[in-house]
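Peer 1: Handing you this structure, nothing more for now.
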Amino acid sequence: MKIYNTLSRKIEEFKPINPPNIGMYSCGPTVYDYQHIGHMRRYVGDDILVRVLKFNNFDVKHVMNITDVGHLTSDEDTGEDKMEKGAAQYKLSVWDLAKKFEKQFTDSMNVLNIVPPKKLIRATETIEDQIELIKILEEKGFTYTITDGVYFDTSKFKKYGAFGLSEIKEGARVEKNPEKKNPRDFALWKFSGETKRQMEWDSPWGKGFPGWHIECSAMSMKNLGPTFDIHTGGIDHIAIHHTNEIAQSEAASGKPFVKYWVHHAFLLVDGQKMSKSLGNFYTVDDIKKNGFDPLALRYLYLQTHYRQEMNFTWDSLKAAENAFEKLKNDIQNLEEPKVGCAEFEQKFLDAVNNDLNMPEALAVVWDLIRSDYPSSAKAESLKKFDEVLGLNLFEKTSTKAVIPDEILKLVEEREELRRKKRFHLADQMRNKIKKMGYDLHDIEDGKTEIEKI
């Protein structure tokens, strides 16, 4: 098995620290707002990694955090954090806000068939662990205290900037603070000061709350030890969050922190960054409300490599759903699984073990479907493949009827007629489809739902 390691900037052969055991930590959500389909692409990517490791007979201890306090906004030096800001926006207590959006996240994971982590830990449950870690850093001379909090002194950690991105300038993620010794220094503990806060704790340095970075170090090392195999996140975590995690963790333990760093690329919508102001902010619930099976979204994610930027459009989701439904239809017509196809099983293993190349793995699936192998052999191999794909391909109950290829082709022809404003011919096509036993419902954005009569 090979994986791209951000630390070395190259694809490496995966050699775990203590095989067959794997320790894996995923940076989880900050539950101050809805998790959108860009976030969920990353978590499906982590799920694929876990499934591929298990496919290779590794025993994976997967730990994920829930950041429910202390994730600072870009204006770090003010002490304002996203949780307090979200509570004000939604007119909820910070505690109720965290519960609301943690549920939205776990619900999204469930419908996308993401295997739950072995441990899902809230930052608010590990405050004492975070304080103890800061104490160790203080004892080793890596901290200093100024008016608004306790900071990590990056000049004391000679290897700062493990990813080669150490030239962090003021304003890149933090505002200028004249008291800081170095623009790269970051908060380990922020003082409440005169600001009225719903979440604050006593500490040896004063009442306050933890910085974002210290949370992940404390939670990961408590559950996986000072050195573990894999740490994942988005590419936006590399320059600051993960750079700072490495610094404080290795400064405290004196040992290498993580062996393999896996980072996922962004998802765009219609070629633009997703944002509420642009009206292109979509959640998994929005996918369902628009008549799509969430597993069609999972299928769409698998069509792009996790290190490549992906562009979401409703047309691409529709195409993915058509392919997904055809695949399920073909599989449901297969005989009972028996001895599989060794040739295709090796090709699939080679694909997923080549830096999680899921587009290539899907191509192997379709090549097997079209092959001359016995139906029962195809079924056996596809059942194994679905352990990685996570598409529930053999689940008999589907949220929508499996539509024959002939009907799908006629629907596409009708949609083309509608785009050309040849509505009379489109109506004739609709009547033809209805006589064949399927009714059409035109919904928003030019999409069409197909219902068996």
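The values are calculated or read from the model by the stated rules, or taken from the named source; none is laboratory data. Everything numeric in this text was worked out from a predicted model, so none of it was measured. Heads up, the Cβs are rebuilt from the backbone with ideal geometry, glycines too, and the neighbour counts pull from every protein chain shown. What goes into the accessible areas is simple: the full protein's heavy atoms, side chains included, and nothing from ligands, DNA or RNA. Shrake-Rupley method; radii C 1.70, N 1.55, O 1.52, S 1.80 Å.
Peer 1: Out of region 306-354, which residues are among the small types (Gly, Ala, Ser) and at pLDDT 95 or above?
Peer 2: Result: SER316, ALA319, ALA320, ALA323, ALA342, ALA351.
Peer 1: Further, regarding this structure: Looking only at residues in region 300-315 that are of a type outside the set (Ser, Thr, Tyr) and part of a loop (DSSP other than H, G, I, E, B), which one is farthest from ASN353 (Cα to Cα)?
Peer 2: Start the filter on region 300-315 by keeping residues that are of a type outside the set (Ser, Thr, Tyr), which leaves 300, 302-303, 305, 307-312, 314-315.
Cutting the leftovers down to part of a loop (DSSP other than H, G, I, E, B) gives us 303, 305, 307-309.
Working: GLN303: 16, HIS305: 13, ARG307: 15, GLN308: 17, GLU309: 20 Å.
Among residues in region 300-315 that are of a type outside the set (Ser, Thr, Tyr) and part of a loop (DSSP other than H, G, I, E, B), the one farthest from ASN353 (Cα to Cα) is GLU309.
Peer 1: If I go through region 411-453 residue by residue, how many of them are acidic (Asp, Glu) and outside any helix (DSSP H, G or I)? Full working, then the answer.
Peer 2: In the first step, residues of region 411-453 are kept if they are acidic (Asp, Glu); the result is 412-413, 415-416, 427, 439, 442, 444-445, 449, 451.
Those still in the list that are outside any helix (DSSP H, G or I) too: 439, 442, 449, 451.
Count: 4.
Peer 1: Right, here's the next one. When both residues are 6+ apart or on different chains and their Cβ atoms are under 6 Å apart, which pairs have a first residue that lies in region 322-337 and is without any contact (Cβ under 8 Å) to a residue 40 or more places away in the chain, and a second that is not charged (D, E, K, R)?
Peer 2: Taking only residues 6 or more apart or on different chains, the pairs are ASP330/ILE369.
Peer 1: Something else: More than 30 Å from GLY279 (Cα to Cα) and either open to solvent by less than 30 Å² (accessible area, probe 1.4 Å) or hydroxyl-bearing (Ser, Thr, Tyr) (or both): which single residue out of LEU334, LEU317, LEU393, LEU349 fits that description?
Peer 2: Values: LEU334 fails: either open to solvent by less than 30 Å² (accessible area, probe 1.4 Å) or hydroxyl-bearing (Ser, Thr, Tyr) (or both); LEU317 fails: more than 30 Å from GLY279 (Cα to Cα); LEU349 fails: either open to solvent by less than 30 Å² (accessible area, probe 1.4 Å) or hydroxyl-bearing (Ser, Thr, Tyr) (or both).
Of the residues listed, the single one that is more than 30 Å from GLY279 (Cα to Cα) and either open to solvent by less than 30 Å² (accessible area, probe 1.4 Å) or hydroxyl-bearing (Ser, Thr, Tyr) (or both) is LEU393.
Peer 1: Can you name every residue in region 125-153 that is of a type in the set (S, T, N, Q) and modelled with pLDDT of 95 or more? Can you show your working first?
Peer 2: Here is the first cut: in region 125-153, the residues of a type in the set (S, T, N, Q) are 126, 130, 143, 145, 147.
Result: THR126, GLN130, THR143, THR145.
Peer 1: I need every pair where a residue in region 438-453 that is more than 16 Å from LEU417 (Cβ to Cβ) and buried (at least 16 other Cβ atoms within 10 Å of the Cβ) has its Cβ under 7 Å from the Cβ of a residue that is of a type in the set (Asp, Glu) and modelled with pLDDT under 80, sequence separation at least 6 or different chains.
Peer 2: Matching pairs, first to second residue: TYR438/GLU451.
Peer 1: Considering only region 358-390, state which residues are among the hydroxyl-bearing types (Ser, Thr, Tyr) and either open to solvent by less than 70 Å² (accessible area, probe 1.4 Å) or touching a residue at least 60 places away in the same chain (Cβ under 8 Å) (or both). First the steps, then the outcome.
Peer 2: Here is the first cut: in region 358-390, the ones among the hydroxyl-bearing types (Ser, Thr, Tyr) are 371, 373, 375-376, 381.
Correct list: SER371, SER375, SER376, SER381.
Peer 1: Are any of the residues in region 1-19 within 21 Å of MET310 (Cα to Cα), among the polar types (S, T, N, Q) and either within 13 Å of the chain's Cα centre (by Cα) or part of a loop (DSSP other than H, G, I, E, B) (or both)?
Peer 2: So far as region 1-19 goes, yes, one or more of its residues are within 21 Å of MET310 (Cα to Cα), among the polar types (S, T, N, Q) and either within 13 Å of the chain's Cα centre (by Cα) or part of a loop (DSSP other than H, G, I, E, B) (or both).
Peer 1: Another question, then. For region 288-313, give me each residue that is open to solvent by less than 30 Å² (accessible area, probe 1.4 Å), over 18 Å from ILE369 (Cβ atoms) and either out of contact with any helix residue (DSSP H, G or I) (no Cβ under 7 Å at 6 or more places or on another chain) or not acidic (Asp, Glu) (or both). I'd like the intermediate steps shown before the answer.
Peer 2: Of the residues in region 288-313, the ones open to solvent by less than 30 Å² (accessible area, probe 1.4 Å) are 290-302, 305-306, 310, 312.
Then drop every residue that is not over 18 Å from ILE369 (Cβ atoms), which leaves 290-294, 297-298, 300-301, 305-306, 310, 312.
The answer is ASN290, GLY291, PHE292, PRO294, LEU297, ARG298, LEU300, TYR301, HIS305, TYR306, MET310, PHE312.
Peer 1: Within region 419-433, can you find the residues that are over 21 Å from ILE453 (Cβ atoms) and either open to solvent by less than 70 Å² (accessible area, probe 1.4 Å) or of a type in the set (Gly, Ala, Ser) (or both)? First the steps, then the outcome.
Peer 2: Narrowing region 419-433 to residues over 21 Å from ILE453 (Cβ atoms): 419-425.
Correct list: LEU425 only.
Peer 1: Moving to a separate point now. Would you call LYS378 in contact with a helix residue (DSSP H, G or I) (Cβ under 8 Å, 6 or more places away or on another chain) and on the phi < 0 side of the Ramachandran plot?
Peer 2: Details: in contact with a helix residue (DSSP H, G or I) (Cβ under 8 Å, 6 or more places away or on another chain): yes; on the phi < 0 side of the Ramachandran plot: yes.
When the stated conditions are applied, LYS378 passes them.
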